[in-house]
Amino acid sequence: MSSTLIAAITVACVFGGALLGLGLQRLLPQNHLTKESQDVIKLGAGVIATITALVLSLLISSAKATFDQMNSRIIQVSAKILVLDGVLTRYGPETKGAREQVRRSIETMLGRIWPSEHADVSGEAAIEHGGEIGIVRDKLRALNPDTDTQRQLLVQAQQVVDEIAESRWMLIEESQIQLPTPLIVVLVLWLTMLFTSFGLFAPRNATIVAVLFMCACSMSAAIFLMLEMNRPLDGFIKVSSAPVRTALTHLGQ
């Protein structure tokens with residue numbers, strides 16, 4: 001389920017809870033809406049609000065950490081690609097084919113993870129199907145070094161290729177981590193209960209309804225932000241492609 005759809009469902013549930021609270025004002029007997037009842041309900045709403053704020057803040061913090069970690073992985077891979085290109089350049093003209101394959105791999109990764117507006121390939125699927133680094137490894141194995149310097153450079157290049165391959169699999173595995181669905185359901189339920197209590201004692205006028213709707217949208221935006229940052233290779237909020245594009249620009253220099 002997409003982040004946008006979950007956010008829309010959240011708005012509907014939370015604002016629906018507020019409207020339910022406004023509607024219950026007419027249905028409940030007056031002895032259920034006394035000052036003592038209000039105090040107890042407000043106390044319970046305060047407890048729910050505290051727990052909800054704590055859980056939501058922890059989830060947003062966790063999603064931000066996931067986003068930053070993925071961005072760091074992209075930067076590391078880009079830096080290692082530049083190191084690999086430098087090592088292959090020092091090796092000699094025999095590595096021209098491997099260097100061209102590295103460039104093609106970078107261009108392919110850019111096209112898959114950060115596709116054009118009309119492409120429908122997800123970033124996670126792009127990394128899973130992007131095994132071009134294996135072709136570079138095969139080209140390195142086909143090299144026959146003549147000097148000790150070339151042998152050392154070849155060993156170094158193979159090590160960097162292995163590190164890039166490892167980083168790719170780390171990206172694949174880390175992208176599989178998703179927020180548990182029951183946790184999102186419980187969070188939306190808490191917010192719905194909280195807004196129901198808001199509407200239960202709120203004045204019945206257009207201004208209050210508009211304010212409750214805007215608050216519901218704000219809560220939905222927080223959940224949307226959390227879900228988007230938890231999937232940094234897809235959606236509206238993606239990790240930046242600047243490190244990869246920079247690496248592509250400096251290849252061969």
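The values are calculated or read from the model by the stated rules, or taken from the named source; none is laboratory data. Note that the coordinates shown come from a computational prediction; the quantities given were computed from them, not determined experimentally. Heads up, the Cβs are rebuilt from the backbone with ideal geometry, glycines too, and the neighbour counts pull from every protein chain shown. Note: areas computed on protein heavy atoms with side chains; ligands, DNA, RNA excluded. Shrake-Rupley method; radii C 1.70, N 1.55, O 1.52, S 1.80 Å.
What the Cβ-Cβ distance of Ser2 and Ala79 gives, at R0 = 25 Å and to the nearest 0.05, is a FRET efficiency of 0.15. The modelled label-to-label distance for the pair Gln152/Ser72, using points 7 Å beyond Cα in the direction of Cβ, is 3.2 nm. For the chain, the Cβ-based charge dipole about the Cα centre amounts to some 480 debye (Lys, Arg positive; Asp, Glu negative; other atoms uncharged). Computed from the C-beta positions of Arg90 and Leu110, the FRET efficiency with R₀ = 25 Å rounds to 0.45. Taking the charge dipole of the chain about its Cα centre, with +1 at Lys and Arg Cβ atoms and -1 at Asp and Glu Cβ atoms, the residue from Leu54, Ser37, Pro232 reaching farthest to the positive side is Ser37. Surface composition of the chain: carbon and sulfur make up 63 percent of the accessible area, probe 1.4 Å. A Stokes-Einstein calculation at 37 °C with viscosity 0.692 mPa s, built on the Kirkwood radius of region 16-94 over Cα pairs, returns a diffusion coefficient of 180 µm²/s.
Averaged over residues, the count of other Cβ atoms within 10 Å places the peptides 139-145, 70-76 in the sequence 70-76, 139-145, highest first.
When every alpha-carbon pair in region 140-249 is counted, what percent end up more than 25 Å apart?
Values: 3326 of 5995 pairs.
The calculated P(r) of region 140-249 puts 55 percent of pairs beyond 25 Å.
With the alpha-carbon atoms of the chain aligned to their principal axes, the span from lowest to highest coordinate is 95, 33, 25 Å, starting with the largest.
Our summary of shape: the Cα atoms of region 49-120 have principal axis extents of 66, 31, 9 Å, ordered from largest down, in whole angstrom. The slack between Ser218 and Asp162, meaning 0.36 nm per residue of separation minus the straight C-alpha distance, is 15.7 nm.
Region 1-68 and region 168-218 have their alpha-carbon centroids 7 Å apart.
Each residue of region 171-181 was assigned a 3J(HN,Hα) from its phi angle through the Karplus curve 6.51 cos²θ - 1.76 cosθ + 1.60 (θ = phi - 60°); the sequence is 4, 5, 5, 5, 6, 7, 6, 10, 5, x, 4 Hz, with glycine and proline shown as x.
Backbone geometry of region 193-204 corresponds, through the Karplus equation with coefficients 6.51, -1.76 and 1.60 at θ = phi - 60°, to 3J(HN,Hα) couplings of 4, 5, 6, 5, 5, 4, x, 5, 10, 7, x, 8 Hz, x marking Gly and Pro.
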